[in-house]
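**Q** One structure is given below, represented as structure tokens, and several questions about it will come after.
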């Protein structure tokens, strides 16, 4: 029918627009240009970071750059970005005298790694990759860092064997490619993902003290890494391996995931560059063993640091959300230490309700502030400081600083504040409700008294009716009776 044909036509047009519109958008074109440039430069860096005399790539950036690009963009334009990377791959590989068939095969395996890693990560997270929570970092390490290189390395090693290119067995080629791409995915991709949305204007919001601290951190990290990794001795003191660790932990605790990813990348590049040029502790054996040793060293260092940074960021954000909710809560709230009932913090509603200044209340107990009325015991008995279970809707009376008595309902949850068990107490003022209940009870009592009075009057009236009838019915007999002189009655 005409209407159905028209609807089908417009549906097909909308589908074509949904597929092809991202290609002509400026954002997609800009992303494709960045992928082309980044892929080519990454390939040149990867060729430079090889252990001679065998061309073993210890660190291969192009795949990680492509992986980061896929994670930052919509899946609808992934094919467009892969096409943009193809000419960069051709230029870089053909300059290295690689056969054209091997070039095409390597591009297929490189794309497969990026697509597998990005696809699995997106399916698991159902959203963008964020390095400020443990779940996101764990999903990235598992899918993009491990599974992508692990699965695609079988394809790559198969292509090498099929084309008869290179040396070594299938297992050796698989192992070399897997560790190379595993390391680059763990160190380079997070740096791209965390720094991609950073704008130059954000530097203005950084205080001079924070900027100076960051400069000292990265300068110390470079010096410590240089001292350790450019050490000419083949058997250095094992303690020197821990020299960059304090600076990495400094970045974790003070600057978050963005600075941590940059610090890890700096250590990685310095370690591989020094080993590739015959410096440092990873130069005493064959090229294969040296490459494997430095890769394992950097992988084992990177994963815990990333997870630690994510855990700290997650806890910091949770504390910020709690502080915001605590400050802006609609009810008076206080944080009370469990073991002795000392106030640790109060919000503005608490100050307005009880009249005590915040600085005067913190560090004192509710008894010291004379807030609680002694109707059945101490503060510990009223809100259960000796318990570890939450308190729900506990009614009691409190006294404000001005002496006004208020009826409140307390609810408290046990939380850890600085490794100290504390109660977060929410106070709801129910004074008006109590007054309304009392008025309702008084009204009900008065109503009952009135009903009882009316019922008593009704009962008395009903009782008086037959008594009156009996009384009045007795009078005619008296009037009809006569007596003899002797006092005997007769009819």
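**Q** Among the candidates 430, 426, 391, which residue alone is in contact with a helix residue (DSSP H, G or I) (Cβ under 7 Å, 6 or more places away or on another chain) and surrounded by 12 or more Cβ atoms within 10 Å (Cβ to Cβ)?
**A** Values: 430 fails: in contact with a helix residue (DSSP H, G or I) (Cβ under 7 Å, 6 or more places away or on another chain); 426 fails: in contact with a helix residue (DSSP H, G or I) (Cβ under 7 Å, 6 or more places away or on another chain).
From the options 430, 426, 391, the qualifying one is 391.
**Q** Is it fair to say residue 184 is within 18 Å of residue 266 (Cβ to Cβ) and either touching a residue at least 60 places away in the same chain (Cβ under 8 Å) or surrounded by fewer than 22 Cβ atoms within 10 Å (Cβ to Cβ) (or both)? Before you say what the answer is, go through the steps one by one.
**A** Values: within 18 Å of residue 266 (Cβ to Cβ): yes; either touching a residue at least 60 places away in the same chain (Cβ under 8 Å) or surrounded by fewer than 22 Cβ atoms within 10 Å (Cβ to Cβ) (or both): yes.
In short, yes.
**Q** Does residue 275 satisfy the condition of being buried (at least 23 other Cβ atoms within 10 Å of the Cβ) and more than 34 Å from the chain's Cα centre (by Cα)? Working first, answer last.
**A** On the way: buried (at least 23 other Cβ atoms within 10 Å of the Cβ): yes; more than 34 Å from the chain's Cα centre (by Cα): yes.
Here the answer is yes, as residue 275 does meet what is asked.
**Q** Scan 157, 224, 211, 191 and give me the residue that is out of contact with any helix residue (DSSP H, G or I) (no Cβ under 7 Å at 6 or more places or on another chain) and assigned to a helix (DSSP H, G or I). Lay out the reasoning, then the answer.
**A** Values: 157 fails: out of contact with any helix residue (DSSP H, G or I) (no Cβ under 7 Å at 6 or more places or on another chain); 224 fails: out of contact with any helix residue (DSSP H, G or I) (no Cβ under 7 Å at 6 or more places or on another chain); 191 fails: out of contact with any helix residue (DSSP H, G or I) (no Cβ under 7 Å at 6 or more places or on another chain).
Result of the check over 157, 224, 211, 191: 211.
**Q** If you check 42, 27, which single one turns out to be at pLDDT 90 or above and in a helix (DSSP H, G or I)? Outline the logic, then answer.
**A** On the way: 27 fails: at pLDDT 90 or above.
Being at pLDDT 90 or above and in a helix (DSSP H, G or I) holds for just one of 42, 27, which is 42.
**Q** Moving on. Quick one: residue 330 ticks every box in (1) at pLDDT 90 or above; (2) more than 24 Å from the chain's Cα centre (by Cα); (3) over 24 Å from residue 226 (Cβ atoms) bar one, so which box is it?
**A** (1)
The values are calculated or read from the model by the stated rules, or taken from the named source; none is laboratory data. As the structure is a prediction and not an experimental result, all values here were calculated from the model. Positions of Cβ are backbone-derived with ideal geometry, glycine not excepted, and every protein chain shown enters the neighbour counts.
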